[in-house]
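Okay, so here's the structure we're looking at.
The values are calculated or read from the model by the stated rules, or taken from the named source; none is laboratory data. All values derive from a computational prediction rather than experimental measurement. Ideal geometry is used to build each Cβ from the backbone, glycine not excepted, and the neighbour counts take in all protein chains shown. Note: accessible area is taken over every heavy atom of the protein model, side chains too, but ligands, DNA and RNA are not part of it. Shrake-Rupley method; radii C 1.70, N 1.55, O 1.52, S 1.80 Å.
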Amino acid sequence: MVSITRRALVSAAALAPVLAAPVFLRSASARTTALAVASLLGDDKPETKVWRRIEARLEERLPGRFRFRIVTNGALGGEKDVADGARLGSIQASLSTVSTLSAWVPELQLLDLPFLFRDADHLRRVVSGPIGDGLKQRLAENGFVVPDFIDYGARHLLAKEAVTRPDQLQGKTMRVIQSPLHTKLWSAFGAVPVGIPITETYNALATGVADAMDLTASAYAGFKLFEVVPYLTKTAHIRSSGVIFFAESFWNSLTEDERAIVTEVSAEAALYFNALMEQDEAESLELAQANGETVLLPEALSAWQEGARTVWTAFEEIVGGPQVIETVRTTA
């Protein structure tokens, strides 16, 4: 059963005019399908630029077939709210981290295992092979049609005070993605995890509800979190994987030819997104540093990795067994 949060209902009501247009419209020449697309960030960030790219490319390939309504800056809620909206049919497409979608497909937590992926190329090789194909199938079974995976970049530790060793997290309240794996990871370091939607994180940190969190550099700058957590430690503990997804109800409305074109355009856009994100990461760190952020390097790396290994052990059966983790680890 789909859980509908009060926040999701409020968001849907507030944006009723945006979503009120019927999904199927008629023009003199052909059917036009309207898509409500959710983006957490603004027009200047890759999370929105990728949808502008998809919109333009589909207009070239299928003129007049789709009409995009791209709703930015988290106006449709956080990732969980958006995912619920897609399953209910009020939202037709978005991006999401695999962390959020693991609520429906627990096997996705394989991609979140800390210190498992060496770099962006390693992640891309894994999601482009049989493991990625299997995860796409599981997502489709749960209402999320995924043409391709994306890479948000490495997640780093953000804190109000300088933290370079895991023992310095003891007793600190840690904002985490609402995911069992992320909760387990920070508990292993003695922190007190609390699940908070990303759209509410700034206020939580500003008011003392949380002392620290982890996030990519791009989102750190995009949400201006350097104003409330001025220390970034480059732990790069998780390669933040995500997906471009379409709601099953929207996907079922397409012909086979249209599905093929949307898949091809989205796969191209995934590579475009990854390139944008790499550039945005560097620019975001520069912006944050210009606004007073301090960048630190982690100490006691073996202690960080030891805590991470407890997560591997705890989740190995959920993600498919130790042999799957070993297959990922040894992928050339």
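List, largest first, the extents of the alpha carbons of region 67-186 along their principal axes, each in whole Å.
Between the extreme Cα coordinates on each principal axis of region 67-186 lie 49, 35, 22 Å.
Where does each of 90-98, 31-39, 254-262 land if you order them by average Cβ count within 10 Å, highest first?
Listed from highest to lowest mean packing, they are 90-98, 31-39, 254-262.
Using the basic label-point model (7 angstrom from Cα toward the beta carbon), what is the Val192 to Gln289 distance in nanometres?
It is 3.5 nm.
Restricting the calculation to Cα positions, tell me the Rg (one decimal) and the Dmax (whole number) of region 51-133 in Å.
That works out to 15.8, 45 Å for Rg and Dmax.
Compute the Kirkwood hydrodynamic radius of region 134-217, taking the inverse of the mean of 1/r over all pairs of distinct Cα atoms, and give it in Å to one decimal.
Radius from the Kirkwood sum: 14.3 Å.
Shape call for region 262-324 from the C-alpha gyration tensor, a ≥ b ≥ c root eigenvalues: rounded (a/c under 1.5), prolate (a/b greater than b/c) or oblate?
Oblate.
Which whole-number value in Å² is the accessible area per residue of the chain, probe 1.4 Å?
Using a 1.4 Å probe on heavy atoms only, each residue of the chain averages 42 Å².
Reported to two decimal places, what Rg/Rh ratio describes the chain when computed on Cα atoms with Rh from the Kirkwood expression?
When Rh is taken as the Kirkwood radius, the ratio is 0.97.
Round to a whole number: what % of the accessible area of the chain belongs to carbon and sulfur, probe 1.4 Å?
52
In nm, to one decimal, how far is the Glu60 label point from the Leu88 one, both placed 7 Å along Cα→Cβ?
Rounded to a tenth, the inter-label distance reads 3.6 nm.
Would you mind getting the Kirkwood hydrodynamic radius of region 67-115 from its Cα pairs, rounded to one decimal in Å?
11.9 Å is the Kirkwood radius here.
Give me the distance in nm between label points sitting 7 Å out from Cα along the Cα-to-Cβ direction at Asn252 and Asp119, one decimal.
Result for the modelled spin labels: 4.4 nm.
Per residue, how much space in cubic angstrom lies within the convex hull of the C-alpha atoms of region 192-246?
Spread over its residues, the Cα hull of region 192-246 gives 109 Å³ apiece.
Relative to the longest principal axis of the C-alpha atoms of the chain, give the angle of the C-alpha long axis of helix 46-61, reported between 0 and 90° and rounded to the nearest 10°.
Helix 46-61 sits at roughly 20 degrees to that axis.
Given 20 °C and 1.002 mPa s, how large is the Stokes-Einstein diffusion coefficient of region 30-86 in µm²/s, with Rh as the Kirkwood radius over Cα pairs?
Translational D for this selection: 179 µm²/s.
What is the extension gain from Arg67 to Glu141, computed as 0.36 nm multiplied by their sequence separation minus the C-alpha to C-alpha distance, in nm to one decimal?
Full extension from Arg67 to Glu141 adds 24.0 nm.
Taking region 229-289, how much of its Cα-Cα pair set, in percent, is spaced more than 17 angstrom apart?
Looking at region 229-289, the distances longer than 17 Å represent 59 percent of pairs.
Of Lys49/Lys184; Lys49/Lys136; Lys136/Lys172; Lys49/Lys160; Lys80/Lys136, which sit over 29 Å apart, Cα to Cα?
Table pairs above 29 Å Cα-Cα are Lys49/Lys184; Lys136/Lys172; Lys49/Lys160.
Which shape class applies to region 173-332: rounded if a/c is under 1.5, otherwise prolate when a/b exceeds b/c and oblate if not, where a ≥ b ≥ c are the square roots of the Cα gyration tensor eigenvalues?
It comes out oblate by the Cα gyration axes.
Less than 18 Å apart at the alpha-carbon level, and either on another chain or at least 8 residues along: which lysines does that give for Lys45?
Leaving aside lysines fewer than 8 places away in the same chain, those within reach of Lys45 are Lys224.
Taking the Cα centre of region 65-108 as origin and charging only Cβ (+1 Lys, Arg; -1 Asp, Glu), how large is the dipole, in debye to the nearest 20?
For region 65-108, the charge dipole is close to 320 debye.
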